[in-house]
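Undergrad: Below you will find the structure I want to go over with you.
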Amino acid sequence: MTTTNYLITGGAGFIGSNLVHLIAKEGRGKVIVLDSLTYAGNRENLAGLESSADCVFVEGDVNDRELLDSCFEKYQPGFVFHLAAESHVDRSIDGPRDFIQTNIVGTFELLEATRKYWADLDDDKKAEFRFIHISTDEVYGALGKTGFFDEERAYQPNSPYAASKAGSDHLVRSYFHTYGLPVVTTNCSNNYGPYQFPEKLIPLVTLNALEGKALPVYGDGQNVRDWIYVTDHCQALLAAADKGRLGETYCVGTRCERTTLQIVETICDLLDELAPVADNHALQQRQGDVKSYRDLITFVADRPGHDWRYAIDPSKISEELGWQPATTFEEGLHATISWYLSHGDWCSRIAERNDARKRIGLNSAQKGGR
């Protein structure tokens, strides 16, 4: 395999760090991680890699054009994977400005820096260069009980987060059609796996349960999502980089639909097996009323504008690029819960950040924003 340099924005975050580990494992080349280390970025996610000459960490923001230019000049990447983004819907409800600044303006700055760099490459390197833009299925809006998102579906974002990602998708597309920049976009379903910040459902429920806290389920728990193990997603990103058609979009999903309540109940059942209530010191005083972690489930007020169902048809990436998920949901969730159980120190440190598991996103209509 020919090696090259990979610039990964947001590489200290959840999906980004898993991608860095995968590239390192496969010996594809040197990885340059650019991350501003906001609340969800964590250099600990790169443990074991930074000591290697094949991984370089650069702390900085995608809005910093001077820094971007210097990274391109110094490291001469052959691939850019753009994962830097504000990504939590609830946070976007309370504070949309950061989402616009990072997800739209930051993408613009990165595209401009990339375009300048790419234009000066020699013909061979210019032909091999790829910009992979990683997005979300949330840009498509909501589905009813039937149907699937695919690459032909019109955008109908329903949250500030989704709208900001939709805007960045359109910018990336325009740079292909206007400037010929060799881009590929992916829109993926809900990820889960190691290193996920505990504002997201699976780590939040897992850590709350281990601490004997309530397990919040929005509304009636019947909202449906399509779930993908993060390593499978990262393999899809590499397939898009290696074989994706320029200017195209690929929807990445697993046809693994679960309701929120099903996810929470499955986590509880796994914890009953892997960390029994009887052995949980946080629950010892409550054993009279807590026989299973399911007893901690609590239904709470729904999120404003909560999309009811997402589901992806991954036929295009499967048929064109030969990608298939390798991990069943049962395997992936077991591996994920086991990882959190064996990384208690990581969980403790990151859970202290910025009220990681505090409920937000309820009162934006009253508060307004700056």
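The values are calculated or read from the model by the stated rules, or taken from the named source; none is laboratory data. Quick caveat: nothing in here was measured; it's all calculated off a predicted structure. Cβ: placed from backbone, ideal geometry, glycine included. Neighbour counts: every protein chain shown.
Undergrad: Based on this model, can you work out whether ASP345 counts as at pLDDT below 95 and assigned to a helix (DSSP H, G or I)? Talk me through it step by step, then tell me what you get.
TA: Details: at pLDDT below 95: yes; assigned to a helix (DSSP H, G or I): yes.
Considered against the rule, which asks whether it is at pLDDT below 95 and assigned to a helix (DSSP H, G or I), ASP345 comes out as yes.
Undergrad: Do we find that THR107 is of a type in the set (Ser, Thr, Tyr) and under 27 Å from LYS200 (Cβ atoms) in this structure? It would help to see each step written out before you state the result.
TA: Details: of a type in the set (Ser, Thr, Tyr): yes; under 27 Å from LYS200 (Cβ atoms): yes.
Spelling it out, THR107 is indeed of a type in the set (Ser, Thr, Tyr) and under 27 Å from LYS200 (Cβ atoms).
Undergrad: Within the group GLY48, GLY11, which residue is closer than 22 Å to ASP232 by Cα, of a type in the set (Gly, Ala, Ser) and at pLDDT 95 or above? Talk me through it step by step, then tell me what you get.
TA: Values: GLY48 fails: at pLDDT 95 or above.
Of GLY48, GLY11, the one residue that is closer than 22 Å to ASP232 by Cα, of a type in the set (Gly, Ala, Ser) and at pLDDT 95 or above is GLY11.
Undergrad: Search the range 130-148 for residues that are crowded, with 21+ Cβ neighbours inside 10 Å and pair each with any residue that is hydroxyl-bearing (Ser, Thr, Tyr) and in a loop (DSSP other than H, G, I, E, B) when their beta-carbon atoms are under 8 Å apart and the residues are at least 6 apart or on different chains.
TA: As it stands, the answer is THR136/SER87; ASP137/SER189; ASP137/TYR310; GLU138/SER159; GLU138/TYR310; VAL139/TYR155; TYR140/TYR155; TYR140/TYR310, since those pairs meet every condition given.
Undergrad: Return the residues of the range 325-346 that are surrounded by 18 or more Cβ atoms within 10 Å (Cβ to Cβ) and closer than 17 Å to LEU271 by Cβ; say none if nothing qualifies.
TA: Pass one, the range 325-346, residues surrounded by 18 or more Cβ atoms within 10 Å (Cβ to Cβ): 325, 327, 329, 332-333, 336-337, 340.
Scanning the range 325-346 gives PHE329, GLY332, LEU333, THR336, ILE337, TYR340.
Undergrad: Which of the residues that make up the range 129-147 are of a type in the set (Phe, Trp, Tyr) and in contact with a Gly (Cβ under 8 Å, 6 or more places away or on another chain)?
TA: In the first step, residues of the range 129-147 are kept if they are of a type in the set (Phe, Trp, Tyr); the result is 129, 131, 140.
Across the range 129-147, the qualifying residue is only PHE129.
Undergrad: From the list GLU86, GLU151, GLU59, GLU50, pick out the single residue that is free of Cβ contacts under 8 Å to residues at least 12 places away in the same chain and charged (D, E, K, R).
TA: On the way: GLU86 fails: free of Cβ contacts under 8 Å to residues at least 12 places away in the same chain; GLU151 fails: free of Cβ contacts under 8 Å to residues at least 12 places away in the same chain; GLU59 fails: free of Cβ contacts under 8 Å to residues at least 12 places away in the same chain.
So the residue among GLU86, GLU151, GLU59, GLU50 that is free of Cβ contacts under 8 Å to residues at least 12 places away in the same chain and charged (D, E, K, R) is GLU50.
Undergrad: If you go through the range 310-342 one residue at a time, how many are touching a Lys or Arg at 6+ places or on another chain (Cβ under 8 Å), assigned to a helix (DSSP H, G or I) and under 15 Å from ASP226 (Cβ atoms)?
TA: Adding up the residues that qualify gives 1.
Undergrad: What are the pairs with Cβ atoms under 6 angstrom where one residue, in the range 178-206, is in contact (Cβ under 8 Å) with a residue 12 or more places away in the chain and the other, located anywhere, is basic (Lys, Arg) and part of a strand (DSSP E or B)? Sequence gap at least six, or different chains.
TA: Final answer for the pair search is PRO182/ARG130; ASN190/ARG225.
Undergrad: Of all residues in the range 218-276, count the ones that are outside any helix (DSSP H, G or I) and free of Cβ contacts under 8 Å to residues at least 24 places away in the same chain.
TA: So the answer is 1.
Undergrad: From GLY361, GLY322, GLY305, GLY288, which residue is at pLDDT 95 or above and of a type in the set (Gly, Ala, Ser)?
TA: Numbers: GLY361 fails: at pLDDT 95 or above; GLY305 fails: at pLDDT 95 or above; GLY288 fails: at pLDDT 95 or above.
Being at pLDDT 95 or above and of a type in the set (Gly, Ala, Ser) holds for just one of GLY361, GLY322, GLY305, GLY288, which is GLY322.
Undergrad: For the range 48-144, please list each of the strands (runs of 3 or more DSSP E) lying entirely inside it that holds at least 2 residues being closer than 30 Å to GLY305 by Cβ. Please lay out each step first, then the result.
TA: Values: elements: 55-59, 79-82, 130-136.
So the answer is 79-82, 130-136.
Undergrad: Residues that are touching a Phe, Trp or Tyr at 6+ places or on another chain (Cβ under 6 Å), small (Gly, Ala, Ser) and in contact (Cβ under 8 Å) with a residue 60 or more places away in the chain: does the range 89-103 have at least one?
TA: Of all residues in the range 89-103, those touching a Phe, Trp or Tyr at 6+ places or on another chain (Cβ under 6 Å) come to 89, 92, 99.
Subset that is small (Gly, Ala, Ser): 92.
Going one step further and asking which of them are in contact (Cβ under 8 Å) with a residue 60 or more places away in the chain, we end up with 92.
Yes, that holds for at least one residue.
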